[in-house]
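Working notes, structure below.
Please treat every number below as a calculation from the coordinates, not as lab data. The structure displayed is predicted, hence computed values, not measured ones. Counting neighbours? That spans all protein chains shown, and the Cβs are built from the backbone with ideal geometry, glycine included.
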Amino acid sequence: MRILVTGANGQLGSEFRALTSQHSAEFIFCDVDEMDLSQESSMEQFLANTQSDLIIHCGAYTQVDGAEDQKELAFAINANAPAVIARHCANTGCRLIQVSTDYVFDGTGNMPISEEDRPNAQSVYGASKLEGEKQILSILDNAYIIRTSWVYSVYGKNFVKTMLRLGQERDELNVVVDQAGTPTYAADLAAAILKIVDQWPSNDQPGIYHYSNWGVLSWYDFAKTIFDLAGVKCHVNPISSSGFPVKAQRPAFSVLDKTKIASTFHLDIPYWRDSLKRCLEEIRKMK
Ligand SMILES: NC(=O)c1ccc[n+]([C@@H]2O[C@H](COP(=O)([O-])OP(=O)(O)OC[C@H]3O[C@@H](n4cnc5c(N)ncnc54)[C@H](OP(=O)(O)O)[C@@H]3O)[C@@H](O)[C@H]2O)c1
């Protein structure tokens with residue numbers, strides 16, 4: 001099997017790169033230099049020249065606040081590009097796994113969000129990702145859409161690495177306590193996706209799935225635990241999101257219900273704190 005991974009220099013794409021030696025598939029990796037997701041004609045050309053059996057689409061415009069000012073670009077990359085890829089898949093028989101986000105939901109509930117719950121994006125980023133999902137589902141009936149949340153990794157930019165840096169620079173930090181969710185170690189998500197692919201064709205059940213690590217916490221809990229586990233002496237003050245104004249509205253409660261993906265594909269999803277420990281250990285080794 002030849003697998004094309006987009007967004008290869010991002011967090012999740014890099015975790016796929018790290019897993020290639022443990023997998024029998026042939027991997028092709030691309031990022032903006034090979035295929036600019038905002039340029040439809042160059043995308044079509046690249047896809048036509050790159051034969052693959054499966055595309056794992058990790059490439060995205062992920063600047064949540066930036067998207068409020070760059071709506072057109074966010075929709076080109078997060079909504080139109082998935083449609084271009086889906087059309088390519090429809091024409092060639094290539095399969096598609098699209099990675100999406102908890103930000104397609106408004107997060108006004110207080111129960112884990114299932115695949116049956118109605119999306120209601122509150123930000124341009126969330127709306128653009130939701131439109132990407134809709135485009136794919138209107139073109140393909142065998143695509144997988146995997147929504148995830150609060151992604152971090154040893155690679156790229158993320159909350160864990162930002163906290164480690166700020167924790168060295170400052171004695172105290174304010175972190176929001178009134179937004180709850182669950183982090184996702186990108187290494188776990190990449191491994192889970194490959195485990196799903198490995199079950200094809202005997203267990204191939206396209207559709208929408210939710211994936212994050214297990215557990216429920218606030219950004220404040222997350223920051224405190226990062227510092228505790230990494231031995232960083234920085235005091236964390238809990239603040240409400242009104243004390244930390246940002247351009248894009250975030251869901252207040254975006255814990256994803258993982259029951260469907262775990263039971264359909266027999267996944268052993270790690271608890272968030274255990275995954276965080278593994279990531280911090282990897283970051284320590286890389287220093
Ligand atoms: N990060 C999160 O917390 C989070 C949460 C939920 C869902 N997700 C979803 O999970 C997936 C993977 O996210 P991630 O955290 O790995 O994101 P990431 O680290 O930002 O990686 C995205 C990659 O896409 C690339 N990209 C941006 N614009 C592009 C363009 N015009 N053409 C080609 N490539 C382009 C980025 O390049 P540059 O870095 O050069 O821009 C980057 O390498 C995405 O679909 C995202 O929406 C992420």
Karplus-derived 3J(HN,Hα), 6.51/-1.76/1.60, for each residue of the range 26-36, Hz, glycine and proline x: 8, 9, 10, 10, 9, 9, 4, 5, 8, 8, 7
Against the longest alpha carbon principal axis of the chain, how many degrees, from 0 to 90 and to the nearest 10, is the axis of helix 186-198 turned? 30
Could you pull out every residue, at least 5 positions away or on a different chain, whose amide H is within less than 5 Å of the one on Ala180? Hs are placed 1.01 Å off N in the peptide plane, and Pro or chain starts have none. Phe253, Ser254
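Please arrange Ser42, Ser24, Ser100 by counting, for each residue, the other beta carbons lying within 10 Å of its beta carbon, fewest first.
Fewest-to-most Cβ neighbours within 10 Å comes out as Ser24, Ser42, Ser100.
Using alpha-carbon pairs under 8 Å, 6+ residues apart, how would you state the relative contact order of the range 32-114 in percent?
In percent, rounded to a whole number, it is 36.
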Classified through the alpha carbon gyration tensor (a ≥ b ≥ c as square roots of its eigenvalues; rounded if a/c is under 1.5, else prolate when a/b is larger than b/c, else oblate), the range 15-137 comes out prolate
How would His210, His88, His23 line up from fewest to most surrounding beta-carbon atoms within 10 angstrom? His23, His88, His210
Could you state the orientation-averaged shadow area of the convex hull built on the Cα atoms of the range 17-85, in nm² to one decimal? 5.4
For the range 152-287, percent of DSSP beta bridges that are antiparallel (nearest 5) comes out at 20
Would you calculate, for the chain, the mean residue ellipticity at 222 nm contributed by helices, counting each DSSP H stretch of 4 or more residues as -39,500 (n - 2.57) and dividing by all residues, to the nearest 500? -11500 deg cm²/dmol
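Would you mind checking the pairs Lys134/Lys258; Lys247/Lys285; Lys258/Lys285; Lys71/Lys224 and listing those with alpha carbons more than 24 angstrom apart? Present the calculation step by step, with values, prior to reporting the outcome.
Numbers: Lys134/Lys258 21 Å; Lys247/Lys285 36 Å; Lys258/Lys285 30 Å; Lys71/Lys224 34 Å.
The answer is Lys247/Lys285; Lys258/Lys285; Lys71/Lys224.
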Residue order, fewest to most surrounding Cβ atoms within 10 angstrom, among Glu131, Glu116, Glu282: Glu116, Glu282, Glu131
Have a look at the DSSP beta bridges in the chain and tell me what percent are antiparallel, nearest 5. 5
To the nearest µm²/s, what D does Stokes-Einstein give for the range 242-287 at 20 °C and 1.002 mPa s, using the Kirkwood radius over alpha carbon pairs as Rh? 152
Leu173's amide H: which non-local residues (gap 5+, or another chain) put their own amide H closer than 5 Å, with H modeled 1.01 Å from N in plane and none for Pro or chain starts? His235, Val236, Asn237
Considering amide H positions built from the backbone, and no H for Pro or chain starts, which residues 5 or more places from Ile208, or on another chain, come under 5 Å of its amide H? Ile145
Counting every C-alpha pair in the chain, the percent lying more than 35 Å apart is 15
Output wanted: per-residue J couplings in Hz (rounded whole) for the range 139-151, from phi through Karplus 6.51 cos²θ - 1.76 cosθ + 1.60, θ = phi - 60°, x for Gly and Pro. 9, 10, 9, 10, 7, 9, 10, 10, 8, 9, 8, 6, 6
Normalising by the residue count of the chain, find the relative contact order in percent from Cα pairs under 8 Å and 6+ residues apart. 20
Only Lys, Arg (+1) and Asp, Glu (-1) charged, at Cβ; the chain dipole about Cα centre in debye: 660
